Amino acid sequence: MDIDTVRESWTNRTGEYSPAYYAHYGPNETSSVIRDILDRNFCPDASVLELGCGSGRHLSHLADHGFEDLSGVDIDPEAFDTMRETYPDLADAGTFRCGPIEEVVTEFDDGQFDAVYSVETLQHLHPDVEWVFGEAARVTDGVLVTAEIEGPTPDSPSSDPDVNYVDEETPLYYRDWNRVFTSLGLVEVDVVRGDRDTTRTFRASD
């Protein structure tokens, strides 16, 4: 599957896994795991960026627990319409950019954010743009957190060790996130394994 097809599958997504779908369910266990990590490492005025923020359920959870400087990137314009309807305070207070991660993240300064995180987002980036992982590390001044699916789950329809498909059409690429980010100079400092996701915390090296 080529990069344009992958982008299109997320740009105009409706139904399952759409911004409205996630807004309906709201914050979840992963939201709490992300918050706990940030609470341990930062004060509420820390600058935080979510890559693939969708309608903002994880960021809204952070805002509800005192975090103030929140930013997000998402490829789907509908995500921000849903955010304004579901989390209006977040939409007003946060800073958001609509576009592919690989196009937006290059515009950020080195170390611009104290914390950068993704939740089941980096796993969908096409292999042609894997260079964006280096950009995510570049803009991180403190910690980078990945909450991603790292391999087939018991209910996975595919036994391929490298890729699975959501709805039989949207690829999910299994990656070794420890290897990816330690090779870019970050240091892994914590791992939390859930039923689906593995949440890894990396610290930017001095």
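Restricting the range 171-197 to residues that are among the charged types (D, E, K, R) and farther than 22 Å from Arg40 by Cα, which is surrounded by the fewest Cβ atoms within 10 Å (Cβ to Cβ)? Checking each candidate, the answer is Asp195. Only residues that are touching a residue at least 60 places away in the same chain (Cβ under 8 Å) and surrounded by 17 or more Cβ atoms within 10 Å (Cβ to Cβ) were counted in the range 91-124, giving 12. Restricting the search to the range 19-59, which residues are of a type in the set (Gly, Ala, Ser) and either more than 18 Å from Ile101 (Cβ to Cβ) or open to solvent by 20 Å² or more (accessible area, probe 1.4 Å) (or both)? Correct list: Ala20, Ala23, Gly26, Ser31, Ser32, Ala46.
Is there a residue being more than 29 Å from Thr5 (Cβ to Cβ) and either out of contact with any His (no Cβ under 8 Å at 6 or more places or on another chain) or of a type outside the set (A, V, I, L, M) (or both) anywhere in the range 69-81?
Going through the range 69-81, the residues more than 29 Å from Thr5 (Cβ to Cβ) turn out to be 69-70.
Now drop any that are not either out of contact with any His (no Cβ under 8 Å at 6 or more places or on another chain) or of a type outside the set (A, V, I, L, M) (or both), which leaves 69-70.
Checked the range 69-81: at least one residue is more than 29 Å from Thr5 (Cβ to Cβ) and either out of contact with any His (no Cβ under 8 Å at 6 or more places or on another chain) or of a type outside the set (A, V, I, L, M) (or both).
Out of the residues in the range 68-79 meeting the condition of being touching a strand residue (DSSP E or B) at 6+ places or on another chain (Cβ under 6 Å) and open to solvent by 10 Å² or more (accessible area, probe 1.4 Å), tell me which one is nearest to Tyr22 (Cα to Cα). Among them, the one singled out is Pro77. Taken over the range 58-91, the residue count meeting the criterion of being of a type outside the set (Val, Ile, Thr), part of a loop (DSSP other than H, G, I, E, B) and under 25 Å from Glu135 (Cβ atoms) is 3. Restricting attention to the range 170-201 and to residues that are in a strand (DSSP E or B) and closer than 25 Å to Glu16 by Cβ, the residue that is nearest to the chain's Cα centre (by Cα) turns out to be Thr199. Taking (1) among the aromatic types (Phe, Trp, Tyr); (2) assigned to a helix (DSSP H, G or I); (3) in contact with a strand residue (DSSP E or B) (Cβ under 7 Å, 6 or more places away or on another chain) in turn, Tyr22 satisfies each apart from (3).
Taking the range 38-57 as the range and being part of a helix (DSSP H, G or I) and touching a Phe, Trp or Tyr at 6+ places or on another chain (Cβ under 8 Å) as the test, the residues that pass are Leu38, Arg57.
The values are calculated or read from the model by the stated rules, or taken from the named source; none is laboratory data. Because the structure is a prediction, the values reported are computed rather than measured. Note that each Cβ is placed from the backbone with ideal geometry, even for glycine, and that neighbours are counted across all protein chains shown. These accessible areas exclude ligands, DNA and RNA; they are computed on the full protein's heavy atoms, side chains included. Shrake-Rupley method; radii C 1.70, N 1.55, O 1.52, S 1.80 Å.
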